[in-house]
Amino acid sequence: MTSSNPRQGSTFQVGLLGHGTVGSAFARLLPEHAERIRLITGSAPELSGIVTRTSGSFDELLERSDLIVELMGGISPAREYVMRAIESGRHVVTANKQLLSRHGEELWQAARTHGVQLRFEGAVAGVVPVIRVIQESLAGARIDRVHGIVNGTTNFILTEMARTGVTFEEALVEAQRLGYAEADPSEDVDGRDAAAKMAILARLAFDTPIHLDQVRYEGIEQIQPEDLEYADELGLQLKLIGTAERIGAGLSVRVHPAFLYPGHPLASVMGPFNAVTVESEEFTEITMSGPGAGGPQTASAVLGDVISAMIPPASTPPTSQQLEIVEDVVSAFYLHLEVADEPGVLAQVARVLADDGVSVKSVVQKGLGEQARLVMVVHAVLESCFAAALEQLSRLEVLRSPPRAIRVLEEEFG
């Protein structure tokens, strides 16, 4: 059995699980940087072998490896392989957000028990070092909120829709052509990928166990080009935002499309880039951004974790809190209504909103006849109150289709 702490000057054997987009990029990157890593760590990393779902023996790979890099994705057989590697005393590096968001606690506990490192910077935001910053640089701070753009695929799609006026479907095809979206992009566009990442960030930032099932999420499939056109008139940018924040004595973790005003630090993040903002009364806010979609970008973060694992030790500590999950939060909203072109429509809408405590901040009236629309932004209100207002609005005879709503983040930072 090889040692996970080789003598200085020797080679450091890295076993690779998975050889897809990220795995193949990592396999190319490792030998390119081996000599530089030797100068940093005293050992030169070397690929000991590759195992995929359909080829290779994990037992043989484990026997000849000091560290296992898991880039297979999914739960099975990744969970079994990662656990076996940890139990055999090998360090593990993974970019598998689904695995960590569902089984992170048992894996981190196993790593602590067996005295090995389980590193996962590439699981959340590509090359953006948000995991390391939260775990190490901000370890002594009380974090109040973490929110960000943690899915480069959806950010590229929304950027293209706003820039060119194309439909969601057309922007998705372009994202796939450029390699920013998978052949099956469902986990990206429906918000599940971002939800898994926010579960991991929430766990680290708020020291409380979070399972993927506790994260509410919405995707971008229903966004229409006209939503972005009207947003431009209102001075807003649309992003898929993941949020984890303290609310009273509880914690809310959620993912949804949201409009941002220009002063928000995430508003200017375009294309396949990710960005995460960490907020605290102690330092106001810190924003980190960088490429988030693509094999080489994630592979670079994985390689950084390999180097860190070669310089011991670090571990993810157990949680010490159990914050209650908060479902009903406060938000402003963009509201799009297709209405009959007749007098008194705006008054009817305003009256329904007011009955549920929803007040209008700004309104734009567009089109005539069958094209008549009301587009408005309402002030921040409990989501339950806004949902009740939407239910009442949907019953108005003057509406020609169901109302469409998108959250608006009102914060602006100077």
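Modelling each spin label as a point 7 Å along the Cα-to-Cβ direction, I'd like the Arg112/Glu32 distance in nm, to one decimal.
Going by the 7 Å Cα→Cβ label model, 3.8 nm.
With angles folded into 0 to 90 degrees, how steeply does helix 383-393 sit against the dominant principal axis of the chain? Use alpha carbons for both and round to 10.
It works out to around 40 degrees.
Take the Cα pairs of the range 64-131, get the Kirkwood Rh, then feed it into Stokes-Einstein at 25 °C and 0.890 mPa s and tell me D in µm²/s. Write down the numbers at each step before the final one.
Numbers: Rh = 11.8 Å.
Translational D for this selection: 207 µm²/s.
Answer with one residue from Val329, Thr319, Pro272: the one whose Cα lies farthest towards the positive end of the charge dipole of the range 261-337, charges on Cβ with Lys, Arg +1 and Asp, Glu -1.
Farthest along the dipole direction, towards plus: Pro272.
How much solvent-accessible surface does Glu121 expose, in Å² to the nearest 10, with a 1.4 Å probe and all protein chains in place?
Estimated to the nearest 10 Å², Glu121 gives 10 Å².
Find out how many positive minus negative residues lie around Pro129, taking Lys and Arg as positive, Asp and Glu as negative, among other residues whose Cβ is under 11 Å from that of Pro129. Display every interim value, and only then the final one.
Values: positive: Arg132; negative: Glu121, Glu136, Asp305.
Local charge sum for Pro129: -2.
For the modelled label position 7 Å from the Cα of Thr284 along Cα-to-Cβ, which residues of the range 384-413 have backbone nitrogen atoms closer than 11 Å?
413
In debye, nearest 20: dipole of the chain around its Cα centre with unit charges on the Cβ of K, R (+) and D, E (-)?
Details: 33 positive and 55 negative charges, 250 e Å.
For the chain, the charge dipole is close to 1200 debye.
How much area per residue is accessible in the chain when the probe is 1.4 Å and only protein heavy atoms are counted (Å²)?
Details: 17110 Å² over 414 residues.
Here the per-residue accessible area is 41 Å².
Ignoring ligands, DNA and RNA, what percent of the accessible area of the chain is carbon or sulfur (1.4 Å)?
Values: 8420 of 17110 Å².
Result for the chain: 49 percent of the exposed heavy-atom area is carbon or sulfur.
Give the dimensionless ratio obtained when the Cα radius of gyration of the range 192-234 is divided by 2.2 N^0.38 Å. Present the calculation step by step, with values, prior to reporting the outcome.
Numbers: Rg = 15.1 Å, N = 43, 2.2 N^0.38 = 9.2 Å.
Cα-based Rg divided by the globular estimate yields 1.64.
Rounded to the nearest 10 degrees, what's the angle between the helix 295-309 long axis and the longest principal axis of the chain, both from Cα atoms, 0 to 90?
The angle comes out near 50 degrees.
Can you sort Ser65, Ser186 by 1.4 Å-probe accessible area, starting with the largest?
Working: Ser65 0, Ser186 40 Å².
Output order, biggest surface exposure first: Ser186, Ser65.
Of the options Ala340, Ala354, Gly295, report the single residue whose Cα projects farthest towards the positive end of the charge dipole of the range 289-359 (beta-carbon charges: Lys, Arg +1; Asp, Glu -1).
Towards the positive end, the residue furthest out is Gly295.
Could you pull the Rg and Dmax for the range 343-390, using just the Cα atoms, both in Å?
11.4, 33
Could you tell me how far the Cα centroid of the range 225-303 sits from the Cα centroid of the range 63-141, in Å?
Comparing the Cα centres of the range 63-141 and the range 225-303, I get a distance of 24 Å.
In whole Å, what are the Cα extents of the range 179-286 along the three principal axes, biggest one first?
Rounded to whole Å, the extents work out to 40, 34, 24 Å.
With unit charges on the beta carbons (Lys and Arg positive, Asp and Glu negative) and the dipole taken about the Cα centre of the range 1-142, which residue among Ala111, Ile68, Leu47 sits farthest to the positive side?
My answer, from the dipole projection, is Ala111.
From the square roots a ≥ b ≥ c of the eigenvalues of the alpha-carbon gyration tensor of the range 1-104, which class results: rounded (a/c under 1.5), prolate (a/b over b/c), or oblate?
Working: a/c = 1.77, a/b = 1.47, b/c = 1.21.
Since a/c reaches 1.5 and a/b is larger than b/c, the shape of the range 1-104 is classed as prolate.
With θ set to phi - 60°, apply the Karplus curve 6.51 cos²θ - 1.76 cosθ + 1.60 along the range 335-350 and write out the HN-Hα couplings as whole Hz, x wherever there is a Gly or Pro.
Values per residue, Gly and Pro as x: 10, 10, 10, 8, 10, 5, 8, 8, x, x, 5, 4, 5, 4, 4, 4 Hz.
Kirkwood-based Rg over Rh for the range 45-86 (C-alpha set), two decimals? Provide the component values of the computation, followed by the final result.
Values: Rg = 9.7 Å, Rh = 10.7 Å.
Using Cα coordinates only, the ratio equals 0.91.
Nearest 500 deg cm²/dmol is fine: what mean residue ellipticity at 222 nm does the chain get from its DSSP H runs of n ≥ 4 alone, each adding -39,500 (n - 2.57), divided by its residue count? Walk me through the intermediate numbers first.
Working: 13 runs with 142 residues, N = 414.
When only DSSP H runs of four or more count, the value is -10500 deg cm²/dmol.
Does the range 68-176 come out rounded, prolate or oblate by the C-alpha gyration tensor, with a ≥ b ≥ c the root eigenvalues, rounded set by a/c under 1.5 and, if not, prolate when a/b is larger than b/c and oblate if not? Show your work: numbers first, answer last.
Values: a/c = 3.34, a/b = 1.70, b/c = 1.97.
Oblate, because a/c is 1.5 or more while a/b does not exceed b/c.
Just the Cα atoms of the range 113-202: what Rg and Dmax do they give in Å?
16.1, 54
How big is the Kirkwood radius of the chain, worked out from every pair of different alpha carbons and given in Å to one decimal? Spell out each step's value before the answer.
Working: mean 1/r = 0.0439 Å⁻¹.
Computed over Cα pairs of the chain, the Kirkwood hydrodynamic radius comes out at 22.8 Å.
Note the direction-averaged projected area, equal to a quarter of the hull surface, for the Cα convex hull of the range 299-384, in nm². Numbers along the way, then the final one.
Values: hull surface 45.2 nm².
So the Cα hull casts an average projection of 11.3 nm².
Relative to the first principal axis of the alpha-carbon coordinates of the chain, what is the inclination of helix 168-177, with its axis defined by its Cα atoms, in degrees from 0 to 90 and to the nearest 10?
20
For the range 134-174, restrict the atom set to alpha-carbon positions and state the Rg and Dmax in Å.
16.4, 46
The values are calculated or read from the model by the stated rules, or taken from the named source; none is laboratory data. Just so it is clear, the model here is predicted, and its values are computed rather than measured. Note that we place each Cβ from the backbone using ideal geometry, even for glycine, and neighbour counts take in every protein chain shown. Side chains included, ligands, DNA and RNA excluded: accessible areas come from the protein's heavy atoms. Shrake-Rupley method; radii C 1.70, N 1.55, O 1.52, S 1.80 Å.
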